[in-house]
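Shown next, in structure tokens, is the structure this report addresses.
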Amino acid sequence: MPEEITNAAQDADEIIQIPDVLPVMALKDVVLFPYVIVPLSVGRNKSVKAVDQALAQNRLILLITQKDSKVEDPKPDELYEVGCVAVIMRMLKLPDGNIRILVQGISRAKVDYFTRTEPYLEARLNRIEEPEVAEGDLQVEAFSRSIKEGLEKANNLGKQISPEVMLIASNLDDPLRLADLAASNLSLKVGDAQSVLETVEPIERLKIVNELLSREISLLEMQQEISSQVRGEMDKSQREYFLRQQLKAIRKELGEDGDDINEEIEEYRKKAEEAGLSDEAKEELEKQLKRLSTMHPEAAEASVVRTWLDWITGLPWSHTTEDNLDITKAREILDEDHYDLEKIKDRIIEFLAVRQLRPDSKGPILCFVGPPGVGKTSLGRSIARALGRKFIRISLGGVRDEAEIRGHRRTYVGALPGRIIQGIHQAGTSNPVFMLDEVDKIGADFRGDPSSALLEVLDPEQNYTFRDHYLGVAYDLSHVMFITTANVTDTIQPAFLDRMEVIRLSGYTEEEKLEIARRYLIPKQLNENGLTNDLIEFTTPALHLLIDGYTREAGLRNLEREIGSVCRKVAVEVAKGKRRKRRITPTTVERLLGPRKFLPESQLKEDRVGVVTGLAYTVYGGDVLFVEALALPGKGKLTLTGSLGDVMKESAEAALSFARSRALQLGIDPEWFDTHSIHVHVPAGAIPKDGPSAGVTLLTAMVSAASNRPVRHDLAMTGEITLRGDVLPVGGIKEKVLAALRAGVRDILLPAENERDLVELPPRARRHARIQFVRHADEVLTIALVPAPGAAPGSE
């Protein structure tokens, strides 16, 4: 705290001769007045050298305050012109190289000009003499008394002024020294303190100090008033709020713009205006802004409100991207990204055509159903590119909490909006292409059913007022184009499935895989592995081997991996310097990848009793299924093995019941079923199998075993059977027919009602397959069973 020097020190300046040239030291954030002692820390190199020079001469130094305290090396024009000549009373060197000095002001002085700036500042100065004050001047006396009373009042209001200063002030008769003493103890801003230092005329100096003291007293009184108002309600958690309120009141009195909360609120209003909030959202926004304005800025609840405000103002309420309505260009993009998939491409083109005719039409909700790896997810990205929209994808596989869709209510710690609103926020537009992946794998538990929450999202009649629990206001999702994907529809809730337009993607045929590999997979893998067409070439037989011998899938993921594996092994050779072109043949594939992983599906070599070639449909596409039946001595028991599901077991029982009811017509002794048991086995026992489509296959195997009649080895079949022997339609016809052709079986039995499904077959498959349609089990047995060895032609 600055202190008034003793009378002996005051008299010292009477005999100290101040030279015309003195070293200069710049001060930061402090102004030194005459007759005042202050300690100073000196760290800047120029300042240290100026102190050393002063100590080497007469211990006198000119202290001038710099205009900008942030400047580390102030130039002469960055210093005030008026400073204070001081004598260095003591000096202490610190271990870090800095020094501390104790100085006392001697006299005001004005710089004429600087004589040097390196290695320290030095200036020629003119001492400013203190003017004489007329004795008995009533105005001077009044100002002096006012200053003394003001110091006393400020001290009583809590201003930290040392008792020594108060004692000196009460006994000080010199009004100019009194003014300097008061100014040095008021913690003034640099500009105000400098104005006192530069004012020489007595009445003016006393007036300025009196005004500054009066303002300080007003601030102290306001501070005390705030304290008395707040103290009654304040507790531990409100202490920081109380301090901030004091600071706010002080800043307001000083005319400073320090209201950060108001600035923050205005910023949120500006963001809301730019976002184009709905009327309901604006009303809720104003309500939350009003709450925020009355809260403690660091309170936990204020943080919750700020997070909500960030989300609500960050959503693209009115921002949309313009659709690309050029049908020709959109078709080119779809064809460029995907081979075939005509149904889906046509549906997107239809949507664009409707948008041209009716711009306000709602977005469709499509559901792509198909086996893994057929391009469902990448198709969604391609659709977004064709439409010129943003693409957002979220995976719902394994999601069990309804809050993942609708969000958590704000009462929960760490609450956030649901994944729908998060996706819209990420997209930055209110009309993206939004893909909900793996909707068939959504779970449900005590936290709710996400599928039920999605009912509102995927209903065009409801989703324009979708209400997220976290936001608490309606958001319009009607412009969003939702696309969902699934492998099967069996596990999807019926009401959920009803809201979507299901488009099925079947597995690719061998020819389609070959074409896709040439157009997309090989160029992609060449690029990813740093190869070019000059270094590697895949032959058609090699690709056929990769498709048949190293992958067994409806999609393309494993095929792409195998192609990538071949490319990486070639890349190793290229990296070793062998830059000749490699022609990939079947031999090369087996050398690089090892023996083939899958043996080709082939038809039976000969007609055999009890062995039938069936056709199955799995998530990986079509497959050939061999069903074996064996007659054993017993009591009519039916044994089923091969990891069969309940539906398949019931089909076997229905087939056996039909066979027993038609024993005579089938050439079987009715008593045979009482003295024999039948064991039915479906190979590949580790793989679960289920479904009704093996009904005719099971019946044929049982009748063959019971009648000892062989089954045609060049025939495959599928169809559900009833107790009356009717053959009912089944699904997956395209995949099953293709599987039979891959196995070399051209003669195929299908239910008559499945004839309409042949339009899905590729033209090449329709040409090669010899398909016979049946309506009753008798027709199946007539075609499939051959006479027993040694039986007369035409006999049963």
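Which residues, counting only those in the stretch 188-208, are farther than 20 Å from Ile106 by Cα and either open to solvent by less than 10 Å² (accessible area, probe 1.4 Å) or basic (Lys, Arg) (or both)?
At the first step, the residues of the stretch 188-208 found to be farther than 20 Å from Ile106 by Cα are 188-189, 191-192, 203-204, 207-208.
Correct list: Lys189, Lys207.
Against the numbered list (1) farther than 30 Å from Ala616 by Cβ; (2) out of contact with any Ser or Thr (no Cβ under 9 Å at 6 or more places or on another chain), Arg583 comes up short only at (2). Candidates in the stretch 158-187 are the residues that are part of a loop (DSSP other than H, G, I, E, B), open to solvent by 40 Å² or more (accessible area, probe 1.4 Å) and more than 20 Å from Val140 (Cα to Cα); of these, the one that is modelled with the highest pLDDT is Ser187. Any idea how many residues of the stretch 270-305 are more than 19 Å from Gly428 (Cβ to Cβ) and in contact with a helix residue (DSSP H, G or I) (Cβ under 7 Å, 6 or more places away or on another chain)? Within the stretch 270-305, residues that are more than 19 Å from Gly428 (Cβ to Cβ) and in contact with a helix residue (DSSP H, G or I) (Cβ under 7 Å, 6 or more places away or on another chain) number 13.
Filter the stretch 367-396 for residues that are in a strand (DSSP E or B) and in contact with a Ser or Thr (Cβ under 8 Å, 6 or more places away or on another chain); which is surrounded by the fewest Cβ atoms within 10 Å (Cβ to Cβ)?
As a first pass, look at the stretch 367-396 and keep what is in a strand (DSSP E or B): 367-369, 391-395.
If we keep only those that are in contact with a Ser or Thr (Cβ under 8 Å, 6 or more places away or on another chain) as well, we get 367-369, 393.
Working: Cys367: 24, Phe368: 23, Val369: 22, Arg393: 16.
Among those that are in a strand (DSSP E or B) and in contact with a Ser or Thr (Cβ under 8 Å, 6 or more places away or on another chain), it is Arg393.
The sole residue among Thr491, Thr429 that is in a loop (DSSP other than H, G, I, E, B), surrounded by fewer than 22 Cβ atoms within 10 Å (Cβ to Cβ) and under 20 Å from the mean Cα position of the chain (by Cα) is Thr429. Among residues of the stretch 305-337 being in contact with a Ser or Thr (Cβ under 9 Å, 6 or more places away or on another chain) and touching a residue at least 60 places away in the same chain (Cβ under 8 Å), the one that is most open to solvent (accessible area, probe 1.4 Å) is His319. Would you confirm whether any residue within the stretch 507-516 is touching a Lys or Arg at 6+ places or on another chain (Cβ under 7 Å), open to solvent by less than 20 Å² (accessible area, probe 1.4 Å), β-branched (Val, Ile, Thr) and not in a loop (DSSP other than H, G, I, E, B)? No, the stretch 507-516 has no match at all. Would you call Asp607 under 19 Å from Asp490 (Cβ atoms) and surrounded by fewer than 19 Cβ atoms within 10 Å (Cβ to Cβ)? No. Only one of the listed residues (Ala554, Ala542) is hydrophobic (A, V, I, L, M, F, W, C) and outside any helix (DSSP H, G or I). That residue is Ala554. Checked against (1) modelled with pLDDT of 80 or more; (2) open to solvent by 80 Å² or more (accessible area, probe 1.4 Å), Arg244 passes all but condition (1). Could you run through the stretch 114-130 and say how many residues are open to solvent by less than 50 Å² (accessible area, probe 1.4 Å) and within 60 Å of the chain's Cα centre (by Cα)? The qualifying residues number 2.
Of all residues in the stretch 28-65, those that are open to solvent by less than 10 Å² (accessible area, probe 1.4 Å), aliphatic (A, V, I, L, M) and in a strand (DSSP E or B) total 7.
Within the stretch 558-611, the set of residues being among the polar types (S, T, N, Q) and in contact with a helix residue (DSSP H, G or I) (Cβ under 8 Å, 6 or more places away or on another chain) comprises Ser565, Thr585, Thr588. Among residues of the stretch 207-226 that are in contact (Cβ under 8 Å) with a residue 40 or more places away in the chain and closer than 26 Å to Gln139 by Cα, those with a beta-carbon under 6 Å from a residue that is open to solvent by 50 Å² or more (accessible area, probe 1.4 Å) and assigned to a helix (DSSP H, G or I) at least six positions away or on a different chain give the pairs Ile217/Lys153.
Checked against (1) in contact with a Lys or Arg (Cβ under 9 Å, 6 or more places away or on another chain); (2) modelled with pLDDT of 90 or more; (3) open to solvent by 80 Å² or more (accessible area, probe 1.4 Å); (4) not hydroxyl-bearing (Ser, Thr, Tyr), Arg660 passes all but a single condition, namely (1).
Taking the criterion of being of a type in the set (Val, Ile, Thr) and at pLDDT below 90, the only residue of the stretch 385-399 that qualifies is Val399. Is one or more of the residues making up the stretch 131-140 in contact with a helix residue (DSSP H, G or I) (Cβ under 8 Å, 6 or more places away or on another chain), open to solvent by 90 Å² or more (accessible area, probe 1.4 Å) and not aliphatic (A, V, I, L, M)? Within the stretch 131-140, one or more residues are in contact with a helix residue (DSSP H, G or I) (Cβ under 8 Å, 6 or more places away or on another chain), open to solvent by 90 Å² or more (accessible area, probe 1.4 Å) and not aliphatic (A, V, I, L, M). Within the stretch 324-335, can one find any residue that is under 23 Å from Arg389 (Cβ atoms) and touching a strand residue (DSSP E or B) at 6+ places or on another chain (Cβ under 8 Å)? No, the stretch 324-335 has no match at all.
Rundown of residues vs (1) exposed (fewer than 12 other Cβ atoms within 10 Å of the Cβ); (2) at pLDDT below 85; (3) among the polar types (S, T, N, Q), yes/no style:
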site: Leu220; (1), (2), (3): no, yes, no
site: Gly232; (1), (2), (3): yes, yes, no
site: Ala249; (1), (2), (3): no, yes, no
site: Glu256; (1), (2), (3): yes, yes, no
site: Ala272; (1), (2), (3): no, no, no
site: Asp279; (1), (2), (3): yes, no, no
site: Ala302; (1), (2), (3): no, yes, no
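The set of residues from the stretch 516-556 being within 28 Å of Ala743 (Cα to Cα), modelled with pLDDT of 90 or more and within 31 Å of the chain's Cα centre (by Cα) comprises Tyr520, Leu521.
The values are calculated or read from the model by the stated rules, or taken from the named source; none is laboratory data. Note that this is a predicted model, so its numbers are computed, not measured. No Cβ is skipped: glycine too gets one built from the backbone with ideal geometry, and neighbour counts run over all protein chains shown. Note: accessible area is taken over every heavy atom of the protein model, side chains too, but ligands, DNA and RNA are not part of it. Shrake-Rupley method; radii C 1.70, N 1.55, O 1.52, S 1.80 Å.
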